[in-house]
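Report on the structure given below.
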Amino acid sequence: MNIYVVMKRTFDTEEKIVIKNGVIEEGDAKYIINPYDEYAIEEAILLKEKHDGEITVVTVGGEDAEKELRTALAMGADKAFLLNTEDDLEDGDEYTTAKVLAHFFKKNEFDIILAGNVAIDGGSGQVGPRLAELLDISYVTTITKMEIDGQKVTIERDVEGDVEVIETSLPILVTAQQGLNEPRYPSLPGIMKAKKKPLEELELDDLDLDKEDVEAKSKVVEIYLPPKKEAGKVLEGEVQDQVKELVNLLKTDAKVI
Ligand SMILES: Cc1cc2nc3c(=O)[nH]c(=O)nc-3n(C[C@H](O)[C@H](O)[C@H](O)COP(=O)(O)OP(=O)(O)OC[C@H]3O[C@@H](n4cnc5c(N)ncnc54)[C@H](O)[C@@H]3O)c2cc1C
């Protein structure tokens, strides 16, 4: 089975993020594999264990993303592609990413493409569905269980807490939701082996694309952090006095009554 995972290098939103002049300070951000993509990688490994085949991980990004691709190889992927847009493009959006990926897949045969449900930084959840549309294949989002039998694919997906069961067939693109599996940590032998696994870099030219073909259709005009939360106020004294003060504060400070 030809199994592909499209994965994104994201900054770790658990870490303190510093924004200066409307952009995230790269120096302070810690980068990781998008957590939803870890579910996609784990599912790819489970599929290979059951059906044999080869797992390829693909990222659109810059040189820095090699580190996360090596981590995916250490988890168990067989080879990696970095679709390096660094020299050709300054800007890009979901259209750019999906189109670059689509041109890659037009040159590479696949049975299944696994993606994350959403990137924890950009958060649009667009790349998977856009890619499937460009490739003219079926896609199922937010999957929590998948069985493949020959060409038949049975999927459970999370619909706001309910479960929807879908039957479809290969080739397909699916996007992984939390709960699909428990992603493994790379083992030490896995990390050693990953250093020797193939990681190929392709640029727009190699994908028969020009800069103009993938120019962004949208632009991020501003990024800002949520306002800092004020510390809470602790009322003291007799309960009756506290209630009076609370009502007064709700009227005068919060202006909600
Ligand atoms: C050349 C270029 C320049 C960019 N410049 C900027 C910028 O200046 N400012 C800015 O804010 N953003 C920039 N971006 C990022 C871009 O706007 C989006 O973050 C990105 O296209 C994906 O959208 P998303 O983060 O909402 O991902 P989602 O659609 O939420 O991601 C869902 C899933 O799609 C897959 N996926 C997403 N992105 C990639 C990827 N890059 N490679 C492989 N798989 C992927 C993963 O499986 C992921 O889990 C740039 C992108 C490119 C290609």
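Quick check, is Ile113 touching a residue at least 40 places away in the same chain (Cβ under 8 Å), aliphatic (A, V, I, L, M), in contact with a Phe, Trp or Tyr (Cβ under 6 Å, 6 or more places away or on another chain) and within 11 Å of the ligand (Cβ to nearest atom)?
For Ile113, the condition - touching a residue at least 40 places away in the same chain (Cβ under 8 Å), aliphatic (A, V, I, L, M), in contact with a Phe, Trp or Tyr (Cβ under 6 Å, 6 or more places away or on another chain) and within 11 Å of the ligand (Cβ to nearest atom) - is met.
Given the criteria over 25 Å from Lys196 (Cα atoms) and touching a helix residue (DSSP H, G or I) at 6+ places or on another chain (Cβ under 6 Å), does Tyr95 qualify?
no
May I ask you to list the residues in region 58-93 that are without any contact (Cβ under 8 Å) to a residue 60 or more places away in the chain and near the ligand (Cβ under 9 Å from one of its atoms)?
Val58, Thr59, Val60, Gly61, Gly62, Ala65, Glu86, Glu90
Considering only region 157-179, I want to know if a residue exists there that is within 24 Å of Asp52 (Cα to Cα), surrounded by fewer than 16 Cβ atoms within 10 Å (Cβ to Cβ), within 16 Å of the ligand (Cβ to nearest atom) and not aliphatic (A, V, I, L, M).
Checking region 157-179: at least one residue is within 24 Å of Asp52 (Cα to Cα), surrounded by fewer than 16 Cβ atoms within 10 Å (Cβ to Cβ), within 16 Å of the ligand (Cβ to nearest atom) and not aliphatic (A, V, I, L, M).
Which of the strands (runs of 3 or more DSSP E) contained wholly in region 148-248 include at least 2 residues that are in contact (Cβ under 8 Å) with a residue 40 or more places away in the chain?
By residue number, 172-176, 199-202.
What are the pairs, 6+ residues apart or on separate chains, where a residue within region 23-51 that is part of a strand (DSSP E or B) has its Cβ under 8 Å from a residue that is among the basic types (Lys, Arg) and more than 9 Å from the ligand (Cβ to nearest atom)?
Qualifying pairs under 8 Å: Tyr31/Lys67.
Cβ contacts < 6 Å: first residue away from the ligand (no atom under 11 Å from the Cβ), restricted to region 118-146; second residue of a type in the set (Val, Ile, Thr), any location; separation 6+ or different chain. Result?
Pairs found: Ser138/Thr168; Ser138/Ile172; Val140/Ile155; Val140/Ile166; Val140/Val174; Ile143/Ile155; Ile143/Val174; Met146/Ile155.
Looking at region 1-24, which of its residues are of a type in the set (A, V, I, L, M), away from the ligand (no atom under 13 Å from the Cβ) and within 27 Å of Val221 (Cβ to Cβ)?
Of everything in region 1-24, just one residue is of a type in the set (A, V, I, L, M), away from the ligand (no atom under 13 Å from the Cβ) and within 27 Å of Val221 (Cβ to Cβ), namely Val18.
Restricting attention to region 23-67, which residues are at pLDDT below 95, in contact with a strand residue (DSSP E or B) (Cβ under 6 Å, 6 or more places away or on another chain) and not hydroxyl-bearing (Ser, Thr, Tyr)?
The answer is Ala29, and nothing else.
Give Asp87, Asp78 a once-over and let me know the one that is among the acidic types (Asp, Glu) and modelled with pLDDT under 95.
Asp87
Could you list all residues from region 209-257 that are acidic (Asp, Glu) and either closer than 25 Å to Ile19 by Cβ or at pLDDT 90 or above (or both)?
Asp210, Glu212, Asp213, Glu215, Glu222, Glu230, Glu236, Glu238, Asp241, Glu245
One line per residue, one yes/no per condition, for (1) under 26 Å from Leu225 (Cα atoms); (2) more than 10 Å from the ligand (Cβ to nearest atom); (3) under 20 Å from the mean Cα position of the chain (by Cα):
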| residue | (1), (2), (3) |
| --- | --- |
| Glu26 | yes, yes, yes |
| Asp37 | yes, no, yes |
| Ala40 | no, no, yes |
| Lys50 | no, yes, no |
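Among the residues of region 242-250, is there at least one that is loosely packed, with under 10 Cβ neighbours inside 10 Å and of a type outside the set (Val, Ile, Thr)?
No, region 242-250 contains no residue that is loosely packed, with under 10 Cβ neighbours inside 10 Å and of a type outside the set (Val, Ile, Thr).
How many residues does region 196-227 hold that are under 15 Å from Asp87 (Cβ atoms), more than 14 Å from the ligand (Cβ to nearest atom) and touching a strand residue (DSSP E or B) at 6+ places or on another chain (Cβ under 9 Å)?
1
The values are calculated or read from the model by the stated rules, or taken from the named source; none is laboratory data. A quick note: this is a predicted structure, and the numbers were derived from the prediction, not measured. Positions of Cβ are backbone-derived with ideal geometry, glycine not excepted, and every protein chain shown enters the neighbour counts.
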